[in-house]
Amino acid sequence: MAKEVKDVKEEKKKKPELTGVEKAKKRRSAKVFKHTTMATVLTVIFIAAVVLVNIVASVIFDRYPLTIDLTENSKYSISDETTEYVKSIDKEIKITVLASESAFENFSEYTVQAMELLNRYREYNPKISVQYADLLQNPEIKSNYTNIDLFDYDIIFETVNTSAAGEDDFDRIKIVHLTDLVSWSADFTSQLSQTGMTIDSLGEYYGYERVVAAYAGYIVASNAESAFTSAIMTITDPDPVGVTVLTGHDELAEITYFEQMLSANGYELSQINIMTEDIPESTDLLIIPAPAEDYLDEDIKKISDFLLNGGSLEKDALYIASVQQGDTPNLDEFLEEYGIKIQKTMILEQDTSRYYAGQQYLTLPRIVSENYMQDMHTDDYLLYMPMARPVTQLFEQQDMTVTEAFVQSTSSAVTCGYNDIGFDSSDITDRGVQTSIAIASKAAFLDEDTVYSNILVLGSDQFVSDSALQAPQFQNSEYIISLLNGVTGKTNTGIVIATKTITGNTFDLTQRQSSILKWTFQLIIPLLVLAVNFIVYKKRKNK
């Protein structure tokens, strides 16, 4: 009996034998489970990796500017020099655009570029803030600037100091008008000047946005980076240099780009008619841009009194000569008092390596003075000096006045006469080294210190022409800025900013498009991946 019970128990312990079909099904189930488990593990790992990468990318995106400028000429980017300068700013700066964000963006392709540049400034320095405010919807803005005329689409740059009460106090203000964001053709500005009008006067009368819209065909490039950097320099510079350009005598030098470059480097520019207006007290540097007609005695007295500055000196002037000038005996006599004489001849180079494009009058002179080279960014200097008049030093030192040559030709150079038709290479008037840039300095002792007033003389108006300053193979732009910074005692980064043409059918990646790409990669793609993997998992599970 006991044996029978034991046999029954053993029978119960035995598992029923599986059929062939059942064994195959079991193997298939095990295989499916194995693959499903592996797919699930890989999916989890993949999603975790995507989430981790996007978390890291999001943090970096928020902290560092990762917008990519794929446009021609990098029109939505700022130069390396500007980037470094913006990063170095340690003051709070508030930028207010007097338009809604959508209105400003949709006004023109130039405002789109300006908006992107403002985003770059904000990204590179958290102390810079940007806001948009429509004047119609925010009329109280005008009450905050009672002494300033504001227009739609103006951009206000302000330095911000927080008072003890916790309220913002704006120290210095600079207004950038819509017309300042673009560069205008020289022909257009010249035609305006003949009617007694300027871009600014048109803007003040009609509204700056109307001028940009009405005369868009005369816009040749963007000036936004220059305008913005200049505004920041102006409001952060503790001791800005005031520049006054003298007009009234049919000036021959075209210095539109030169003026823009000065503004970009933090100089505060103004313009007066020397025949009818007095030199502003805020002026530190006068620019005399190759007058075609001689100055009157009273004009000369204004300049002389300015440089003497009541005996305090510390004022400067830049005289630009041109081969197209007529006789200017009053100006010549004034310069000779400072030991400088500009000859009525033209410099020709005989050394083939020191002139350009096979033309002897397109000289490539040498820098012979190491003074005021502090803002040069290269050790390989090549200057372009077309149609230069020789600048002769009448003496090196006399009484309290000294002169110094800064740029000269080789010893093989000659000078020749010229007229309205051209120059006569057979009419050689002099041989040897010729000076094309020189400085005359008048000194005085004041409170046990020596102070100076300086006149920087350029023998060629073409040296500061638009084409010469923008030519990448020449260092004219760097050199003239470095000279003026040194002469005036201005210390800054020596930034030289080129205008940017906004034309062509290129791929423009705007801030809005960049945001779309950001969210696409950080949210939409991970969700799609998760959804696809979930569907695959469900299908495999149900097999």
* With the condition kept exactly as written, say whether any residue in region 364-376 is of a type in the set (Asp, Glu), more than 14 Å from Val457 (Cβ to Cβ) and in contact (Cβ under 8 Å) with a residue 24 or more places away in the chain. => yes
* Asked: Which one of the conditions (1) touching a residue at least 24 places away in the same chain (Cβ under 8 Å); (2) within 22 Å of Gly203 (Cα to Cα) does Tyr85 fail to meet, given that it meets all the rest?
  -> (2)
* Asked: When you scan region 399-481 for strands (runs of 3 or more DSSP E) that lie fully inside it, which ones turn up with 1 or more residues that are under 28 Å from the mean Cα position of the chain (by Cα) and in contact (Cβ under 8 Å) with a residue 24 or more places away in the chain?
  -> 401-408, 435-446, 449-458
* Asked: Going by the conditions given, is Asp278 of a type outside the set (Lys, Arg) and out of contact with any helix residue (DSSP H, G or I) (no Cβ under 9 Å at 6 or more places or on another chain)?
  -> no
* Asked: Give me the pairs: first residue in region 323-351 and touching a residue at least 12 places away in the same chain (Cβ under 8 Å), second residue exposed (fewer than 14 other Cβ atoms within 10 Å of the Cβ) and among the acidic types (Asp, Glu), beta-carbon distance under 7 Å, and six or more apart or on different chains, which are they?
  -> Asn330/Asp297
* **Residue in region 411-429 that is of a type outside the set (Val, Ile, Thr), surrounded by 15 or more Cβ atoms within 10 Å (Cβ to Cβ) and touching a Cys at 6+ places or on another chain (Cβ under 9 Å) present** => yes
* Structure fact -> Expected output for region 271-293 (first residue under 10 Å from Thr247 (Cα atoms), partner among the acidic types (Asp, Glu) and assigned to a strand (DSSP E or B), Cβ below 8 Å, 6+ apart or cross-chain) is Pro289/Glu251; Ala290/Glu251; Pro291/Glu251
* **Residue list for region 309-351, restricted to those being among the aliphatic types (A, V, I, L, M), in contact with a helix residue (DSSP H, G or I) (Cβ under 8 Å, 6 or more places away or on another chain) and assigned to a strand (DSSP E or B)** => Ala317, Leu318, Ile320, Ile342
* Asked: For region 261-297, how many residues are modelled with pLDDT under 95 and assigned to a helix (DSSP H, G or I)?
  -> 4
* To do: Starting from residues that are free of Cβ contacts under 8 Å to residues at least 60 places away in the same chain and assigned to a strand (DSSP E or B), keep the ones in region 380-398 and report whichever is farthest from Leu469 (Cα to Cα).
  => Gln398
* State whether one or more residues within region 249-257 are aromatic (Phe, Trp, Tyr), buried (at least 19 other Cβ atoms within 10 Å of the Cβ), in contact with an Asp or Glu (Cβ under 9 Å, 6 or more places away or on another chain) and within 26 Å of Leu469 (Cα to Cα). => yes
* Leading residue by the ranking (farthest from Tyr257 (Cα to Cα)) among those in region 482-504 that are at pLDDT below 65 and more than 17 Å from the chain's Cα centre (by Cα) -> Gly504
* Structure fact -> Of the candidates Glu298, Glu259, the one satisfying the condition of being within 20 Å of Ile175 (Cα to Cα), in the same structural domain as Gln343 (by TED's automatic domain parsing) and without any contact (Cβ under 8 Å) to a residue 24 or more places away in the chain is Glu259
* Would you check if there is a residue in region 354-363 being within 24 Å of Gly486 (Cβ to Cβ), under 33 Å from the mean Cα position of the chain (by Cα) and assigned by TED's automatic domain parsing to the domain that holds Leu269? => yes
* **Of residues in region 225-248 being at pLDDT below 85, out of contact with any Asp or Glu (no Cβ under 6 Å at 6 or more places or on another chain) and not in a helix (DSSP H, G or I), the one surrounded by the most Cβ atoms within 10 Å (Cβ to Cβ)** => Asp237
* **Search result, residues across region 439-467 that are surrounded by fewer than 23 Cβ atoms within 10 Å (Cβ to Cβ), under 18 Å from Leu286 (Cβ atoms) and of a type in the set (D, E, K, R)** => Lys442
* Only one of Thr234, Thr146, Thr244, Thr189 is of a type in the set (Val, Ile, Thr), more than 26 Å from Glu105 (Cα to Cα) and in contact with a strand residue (DSSP E or B) (Cβ under 6 Å, 6 or more places away or on another chain); which? -> Thr244
* Asked: Do any residues in region 139-153 that are within 18 Å of Glu209 (Cβ to Cβ) have Cβ atoms under 6 Å from those of residues that are of a type outside the set (Asp, Glu) and modelled with pLDDT under 90, where the two are at least six apart or on different chains, and which pairs are they?
  -> Leu150/Lys142
* For Leu517, are the conditions met, namely being at pLDDT 75 or above and closer than 24 Å to Ala224 by Cβ? -> no
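Conditions tested, residue by residue: (1) surrounded by fewer than 23 Cβ atoms within 10 Å (Cβ to Cβ); (2) of a type in the set (D, E, K, R).
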site: Gln271; (1), (2): yes, no
site: Ile274; (1), (2): no, no
site: Ile279; (1), (2): yes, no
site: Ser282; (1), (2): yes, no
site: Ile287; (1), (2): no, no
site: Glu298; (1), (2): yes, yes
site: Phe306; (1), (2): yes, no
site: Ser312; (1), (2): yes, no
site: Gly326; (1), (2): yes, no
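The values are calculated or read from the model by the stated rules, or taken from the named source; none is laboratory data. Predicted model only: the values in this text are computed from it and were never measured. Note: ideal-geometry Cβ built from the backbone for every residue, glycine included; neighbour counts use all protein chains shown.
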